[in-house]
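Each remark here refers to the structure printed beneath this line.
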Amino acid sequence: MLSWQERPVEYANLFNPAFCSILLYNAIKGYQKEKKQGMPYPLIFLVLPLVLHQSTRNLLPRTTRTKLHIWLQNKPEVRVKFSDRTSNLVPHTKEALAFGMQTGIIGFGDDGKFTSSKSQLKNISAVSWSEGTEPAICFKKAEFIGRWFAQAGEVSTIYIMWGICP
């Protein structure tokens, strides 16, 4: 990964660790709402490729009542190059995860799963972007992804549905 001085401005802004950690936090929070436990480590790596990729994000269903496997059957185009995107975003996901843990918005539970920090909940809830802007949409979709994954089954099943291996 390039150092901050070598990153193009657009690249640095899009993959800003603070912004990406807020997206991860929101996905973890959504997962915890549904499952009452932390998000498993491997699922963390699927959040950014889904949320930051506009074409995929725009195709996501509006409700978690749409089952992941059914949606993937109806939208096979979302799996095109998904594994490449996921691999390319691993360093950014790790950087965002480290940033989130350093700032205390992402915690690590006794069960080895990631949790959203209750003490930081008020601060993150105060983050507001104008309705309909790309950051606001990404913020909402990240929580949706977390809730959706919590209902989708085991980690291995989710990875198989997406056609990738950890």
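The values are calculated or read from the model by the stated rules, or taken from the named source; none is laboratory data. Source: prediction; values computed, not measured. FYI the Cβ positions are ideal-geometry reconstructions off the backbone, even for glycines, and counts take in every protein chain you see.
Here is how the numbers come out for the structure above:
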{"quantity": "Helices (runs of 4 or more DSSP H) contained entirely in segment 31-81, each with at least 3 residues that are within 12 Å of PHE149 (Cα to Cα)", "calculated": "41-51"}
{"quantity": "Close pairs (6 angstrom Cβ cut-off, 6 or more residues apart or separate chains): in contact (Cβ under 8 Å) with a residue 40 or more places away in the chain and at negative phi in segment 134-162, part of a helix (DSSP H, G or I) and small (Gly, Ala, Ser) anywhere", "calculated": "ALA142/ALA27; GLU143/GLY30; ILE145/ALA27; GLY146/ALA27; GLY146/GLY30; ARG147/GLY30; ILE158/ALA152"}
{"quantity": "Segment 13-30: number of residues that are among the small types (Gly, Ala, Ser) and in a loop (DSSP other than H, G, I, E, B)", "calculated": "0"}
{"quantity": "TYR31 being aromatic (Phe, Trp, Tyr) and either touching a Lys or Arg at 6+ places or on another chain (Cβ under 7 Å) or touching a residue at least 60 places away in the same chain (Cβ under 8 Å) (or both)", "calculated": "yes"}
{"quantity": "Single residue of segment 97-150 satisfying the filter (assigned to a loop (DSSP other than H, G, I, E, B) and aliphatic (A, V, I, L, M)) that is modelled with the highest pLDDT", "calculated": "ILE105"}
